[in-house]
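A.B. asks: My structure is below; once you've seen it, I'll send some questions.
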Amino acid sequence: MNQKNHKTSIGGQALYEGIMMRGPKKHAIALRLPDGTIETTVKENHSIRQRYRLFRLPILRGMASLVESLSLGYKTLTYSFEKAGLEEEPTKFELWLSKVFGKSVMDLVVAVAGVLGVVLALSIFMLLPAAAVKLLGGWIPAWSRALAEGVIKIAVFLIYVAAISHMEEIRRTFEYHGAEHKTIFAYEAGLELTVENVRKMSRFHPRCGTSFLIIAMIVSVLFFSLPIVTWDSVLLRMATKLIMLPLVVGVAYEFIYLAGKYDNWLTRTLSAPGLWIQRLTTKEPDDSQIEVAIASMLPVLTGNPEDDKW
């Protein structure tokens with residue numbers, strides 16, 4: 001490998017006992033199976049940004065990237081659950097559900113959990129902060145209400161992440177998250193992808209989903225301070241924010257894009273909040289988890305570092 005240091009567009013996602021890496025042409029899923037072996041599955045990417053030039057434009061590429069990431073993340077996470085053997089022998093009722101809906105029991109469970117997760121996320125991270133600020137009323141000056149809402153939102157997010165990080169399954173997922181970052185850093189540093197080389201790298205990477213969420217929350221404070229986002233009704237405010245959410249996502253993506261492509265005082269400043277939060281969302285991996293990260297990274301490399309640069 002031994003290429004010069006460079007910024008790569010390769011990114012990944014921690015799964016249940018595994019990692020998905022996505023390169024410019026392919027994505028690979030590496031999982032540690034119950035018998036201790038590593039299974040690696042490689043598939044071609046089908047990106048709308050590659051098919052339609054419109055979605056390569058600033059802002060729009062961020063919107064497209066979020067949709068693709070959520071879709072691929074859902075599919076790969078479901079696959080990791082299935083390969084981990086979490087599905088038990090289905091009951092007659094579960095078989096009936098599968099026949100009616102044409103999907104496996106695990107697909108149905110993940111789909112329902114996904115819908116409930118979206119509803120819960122909207123309630124906790126959008127409705128609750130707005131309702132809290134509205135309830136406080138005159139105690140908060142009008143000009144700072146959006147800022148207070150943003151602070152509450154970030155505080156709720158931090159409390160939530162800190163709470164779930166104590167769960168064994170979540171902690172292991174955070175360890176795989178750390179292994180993912182370390183492996184990408186090792187590749188960007190031009191090092192051979194060995195356990196020894198990856199282990200010494202940092203687990204805090206500026207181009208991370210956690211950093212994206214924090215940047216999006218900060219950007220949302222600016223957008224949701226606009227007069228068109230009313231405080232007259234909490235539900236109306238929430239509806240307006242949902243309409244503006246794609247724009248917030250697009251702008252936040254551009255910040256992450258800059259942080260991934262350039263390394264200077266500005267990008268380091270923009271990346272700092274996300275890197276701090278990664279102390280909660282990433283943990284130091286063990287060697288077996290690093291092996292999985294390397295197994296997911298190698299298949300997506302094109303052999304030419306110029307092909308995966310930003």
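The values are calculated or read from the model by the stated rules, or taken from the named source; none is laboratory data. Keep in mind that this is a model prediction, so the values were computed, not measured. So basically every Cβ, Gly included, is an ideal-geometry build from the backbone, and we count neighbours across all protein chains shown.
A.B. asks: Any idea which of Val249, Val292 is aliphatic (A, V, I, L, M), surrounded by 14 or more Cβ atoms within 10 Å (Cβ to Cβ) and in contact with a Leu (Cβ under 6 Å, 6 or more places away or on another chain)?
C.D. replies: Val249
A.B. asks: Mind telling me which of the residues Glu284, Glu254 ends up being surrounded by fewer than 18 Cβ atoms within 10 Å (Cβ to Cβ), farther than 30 Å from Trp143 by Cα, under 21 Å from the mean Cα position of the chain (by Cα) and among the charged types (D, E, K, R)?
C.D. replies: That would be Glu284, the only listed residue that is surrounded by fewer than 18 Cβ atoms within 10 Å (Cβ to Cβ), farther than 30 Å from Trp143 by Cα, under 21 Å from the mean Cα position of the chain (by Cα) and among the charged types (D, E, K, R).
A.B. asks: Additional query: Within the set of pairs 6+ apart or on separate chains, which have a first residue in the stretch 26-52 that is assigned to a loop (DSSP other than H, G, I, E, B), a second that is among the charged types (D, E, K, R), and C-beta atoms under 7 Å apart?
C.D. replies: Leu33/Glu39; Leu33/Lys83; Asn45/Arg22; Asn45/Lys25; Asn45/Lys26; Ser47/Glu68
A.B. asks: Looking at the stretch 16-74, which of its residues are at pLDDT below 90 and aromatic (Phe, Trp, Tyr)?
C.D. replies: The answer is Tyr52, Phe55, Tyr74.
A.B. asks: Oh, and also: Search the stretch 262-274 for residues that are closer than 27 Å to Phe157 by Cα and pair each with any residue that is part of a helix (DSSP H, G or I) and of a type in the set (Gly, Ala, Ser) when their beta-carbon atoms are under 6 Å apart and the residues are at least 6 apart or on different chains.
C.D. replies: Listed pairs, sorted by first residue: Thr267/Ala259; Leu270/Ala259; Ser271/Ala259; Gly274/Ser211.
A.B. asks: Also, quick follow-up: Here is a check on your reading of the model: is Glu169 part of a helix (DSSP H, G or I) and surrounded by fewer than 14 Cβ atoms within 10 Å (Cβ to Cβ)?
C.D. replies: Numbers: part of a helix (DSSP H, G or I): yes; surrounded by fewer than 14 Cβ atoms within 10 Å (Cβ to Cβ): yes.
In short, yes.
A.B. asks: Go through (1) touching a helix residue (DSSP H, G or I) at 6+ places or on another chain (Cβ under 7 Å); (2) surrounded by 21 or more Cβ atoms within 10 Å (Cβ to Cβ) for Ile277 and report which single condition fails.
C.D. replies: All conditions pass for Ile277, except number (2).
A.B. asks: Further question: Considering Arg237, Arg207, which residue is of a type in the set (Lys, Arg) and more than 28 Å from Glu284 (Cβ to Cβ)?
C.D. replies: Arg237
A.B. asks: A further question on this structure: I need the full set of residues from the stretch 194-221 which are free of Cβ contacts under 8 Å to residues at least 60 places away in the same chain, closer than 23 Å to Pro299 by Cβ and hydrophobic (A, V, I, L, M, F, W, C), in order please.
C.D. replies: Met201
A.B. asks: Something else: Restricted to the stretch 53-68, and to residues that are touching a residue at least 40 places away in the same chain (Cβ under 8 Å) and not basic (Lys, Arg), which residue is surrounded by the fewest Cβ atoms within 10 Å (Cβ to Cβ)?
C.D. replies: Pro58
A.B. asks: Could you pull out the residue among Leu135, Leu158, Leu191 that is in a helix (DSSP H, G or I), touching a residue at least 12 places away in the same chain (Cβ under 8 Å) and out of contact with any strand residue (DSSP E or B) (no Cβ under 6 Å at 6 or more places or on another chain)?
C.D. replies: Leu158
A.B. asks: If you go through the stretch 224-244 one residue at a time, do you hit one that is buried (at least 20 other Cβ atoms within 10 Å of the Cβ) and polar (S, T, N, Q)?
C.D. replies: no
A.B. asks: If Gly190 satisfies all but one of (1) surrounded by fewer than 19 Cβ atoms within 10 Å (Cβ to Cβ); (2) more than 18 Å from Ser9 (Cβ to Cβ), what's the number of the condition it fails?
C.D. replies: Looking at each condition in turn, Gly190 falls short on (2).
A.B. asks: Being over 10 Å from Thr76 (Cβ atoms) and hydrophobic (A, V, I, L, M, F, W, C) is the filter; apply it to the stretch 29-47 and report the residue that is surrounded by the most Cβ atoms within 10 Å (Cβ to Cβ).
C.D. replies: Within the stretch 29-47, the subset over 10 Å from Thr76 (Cβ atoms) is 30, 32-40, 42, 44-47.
Remaining after also requiring hydrophobic (A, V, I, L, M, F, W, C): 30, 33, 38, 42.
On the way: Ala30: 27, Leu33: 13, Ile38: 15, Val42: 15.
Here the residue is Ala30.
A.B. asks: Exactly one condition in (1) modelled with pLDDT of 85 or more; (2) surrounded by fewer than 16 Cβ atoms within 10 Å (Cβ to Cβ); (3) more than 29 Å from Val251 (Cα to Cα) is not met by Pro90; state its number.
C.D. replies: Exception for Pro90: condition (1).
A.B. asks: Among (1) within 29 Å of Gln13 (Cα to Cα); (2) touching a Leu at 6+ places or on another chain (Cβ under 8 Å), where does Val234 come up short?
C.D. replies: The number of the failed condition is (1).
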